[in-house]
Amino acid sequence: MKQNRAAGLQVSQTKFQEEVLEEKKIAPGFSDTQTLFLTGDAIKILKKFPNEYFDCCITSPPYWRHREYNVLGIGLENTYQEYIANLVSIFVELHRVLKSTGSLWLNIGDSYLDKQLVGIPWRVALSLTDNVRYILRNSVVWHKLKGSPDNSKDKLRSVYEHLFHFVKNKKYYYNIDAIRANARSAKIENGRVVSATGVSGIRYKRQIELSTALSESEKREALSGLESVLEDMKAGHISDFRMVIRAQQRTTHSNMEKVSGRAKELKEKGFYFLKYHPNGTKPGDVWEILPEDSQKRDDHYAAYPEELCYWPILLSCPPDGVVLDPFCGTGTTMKVAQILGRRSVGIDISQKYIDMAMERCRL
Ligand SMILES: C[S@@+](CC[C@H](N)C(=O)[O-])C[C@H]1O[C@@H](n2cnc3c(N)ncnc32)[C@H](O)[C@@H]1O
């Protein structure tokens with residue numbers, strides 16, 4: 001590895017040094033250098049990147065007044081307002097370098113000030129939606145299963161952190177099929193199609209025929225609806241389904257027709273279907289992931305677990321895309337990007353952490 005210093009920026013691969021610093025653009029050469037690490041202040045380095053370059057950014061900035069890193073940087077401001085303003089200015093630059101179809105995944109923790117929980121994650125998130133035009137799509141709760149030691153006698157232990165998912169535009173790259181769980185398919189038994197959980201439609205058919213809560217025309221509609229759902233299952237468009245028939249099954253929605261389309265459907269038609277995707281169920285927004293074991297890391301106390309990066313990359317970075325982490329620390333994001341075959345750029349203000357990250361990614 002050859003390193004060069006110029007204008008406060010250290011570029012760790014010669015090719016990039018030429019392309020980023022001199023031509024202020026990156027592209028050729030990146031294909032044969034999967035992972036690039038840059039040492040310096042995130043905002044200064046981001047300014048050197050062209051518009052709309054990255055597909056997704058996954059990052060965890062230093063938390064306000066939480067820890068001391070080995071160099072000065074974000075997180076040491078006197079007030080949380082200054083801290084948030086500094087972060088927001090970085091995310092303005094990040095907005096520019098993200099593709100129009102791009103995503104930002106932001107993991108950020110809270111802080112206490114004079115006994116008060118400041119609410120930093122939401123203050124930052126709302127500032128990004130209100131002032132930088134990011135669109136917030138999910139507020140994922142990272143349930144850490146075990147919290148840090150907390151001896152206080154007047155509040156609960158905290159066991160979660162936020163992982164916000166922002167996008168730039170209403171249409172964005174998102175591959176939900178890449179993370180669906182428990183894919184199961186329907187099968188044919190004795191000439192009949194049977195769902196992944198054993199539903200063949202026979203019971204629903206009988207319930208419709210014997211129903212006293214459905215009119216004759218509603219029964220005809222319900223039977224033909226059932227036939228077409230079974231056809232869909234046979235053709236592999238869905239793997240499973242449930243039918244909710246008036247006065248038979250417990251409803252799965254609010255009973256108020258004003259708030260629930262399904263309540264309306266049940267009132268007007270007498271039935272509705274819940275159809276399950278053949279590729280499995282969509283994960284929810286609470287992720288149970290054990291934190292990194294800080295005992296094992298003498299030099300960096302704030303690394304997030306690799307597991308936190310898998311779904312964001314699979315969801316929001318196409319296979320030929322580029323991932324960015326402007327606060328990469330020990331390079332967790334880059335490591336997972338490498339495992340998943342994505343190119344990536346990691347930035348950190350500390351050369352020591354960049355060295356650890358490069359070692360981890362075996363550069
Ligand atoms: C919470 S840690 C990130 C840990 C990382 N996710 C990992 O798994 O190792 C935040 C990092 O931001 C870096 N940092 C602080 N201020 C910075 C700045 N202005 N520009 C770039 N990096 C900065 C710190 O050195 C620290 O490594």
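Each value in this text was obtained by applying a stated rule to the coordinates, not by laboratory testing. Keep in mind that this is a model prediction, so the values were computed, not measured. Here the Cβ positions follow ideal geometry from the backbone for every residue, glycine too, while neighbour counts run over all protein chains shown.
Numbers below:
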item	result
Simple label model, 7 Å out from Cα along Cβ direction - Asn175 to Ser139, nm	3.0 nm
Rounded to whole Hz, the Karplus (6.51, -1.76, 1.60) HN-Hα couplings of segment 202-209, x for glycine and proline	4, 5, 4, 4, 5, 4, 5, 4
Taking only Cα atoms of segment 104-167, radius of gyration then Dmax in Å	13.5, 41
Cβ-derived FRET efficiency at R0 30 Å, Arg360 paired with Gln81, nearest 0.05	0.30
Relative counts (whole %) of C-alpha pair distances in segment 184-276, using bins that are 5 Å wide	3, 15, 24, 22, 19, 13, 5, 1, 0
Net length gained if the chain between Glu268 and Ser215 were fully extended (0.36 nm per residue, minus Cα distance)	18.0 nm
Other-chain or far-sequence residues with amide H under 5 Å of Phe327's (modelled H)	Ser60, Ile347
Sparse-neighbour loop sites [chymotrypsin sites (Phe, Trp or Tyr not before Pro); segment 125-174; at most 16 other C-beta within 10 Å; DSSP]	Tyr174
Spin-label model distance (nm) - His237 vs Lys44, 7 Å beyond Cα toward Cβ	5.8 nm
Pairs of lysine residues in segment 184-276 - Cα separation under 16 Å, sequence separation of 8 or more or cross-chain	9
Hull volume in cubic angstrom per residue (convex hull over the Cα atoms of segment 56-205)	214 Å³
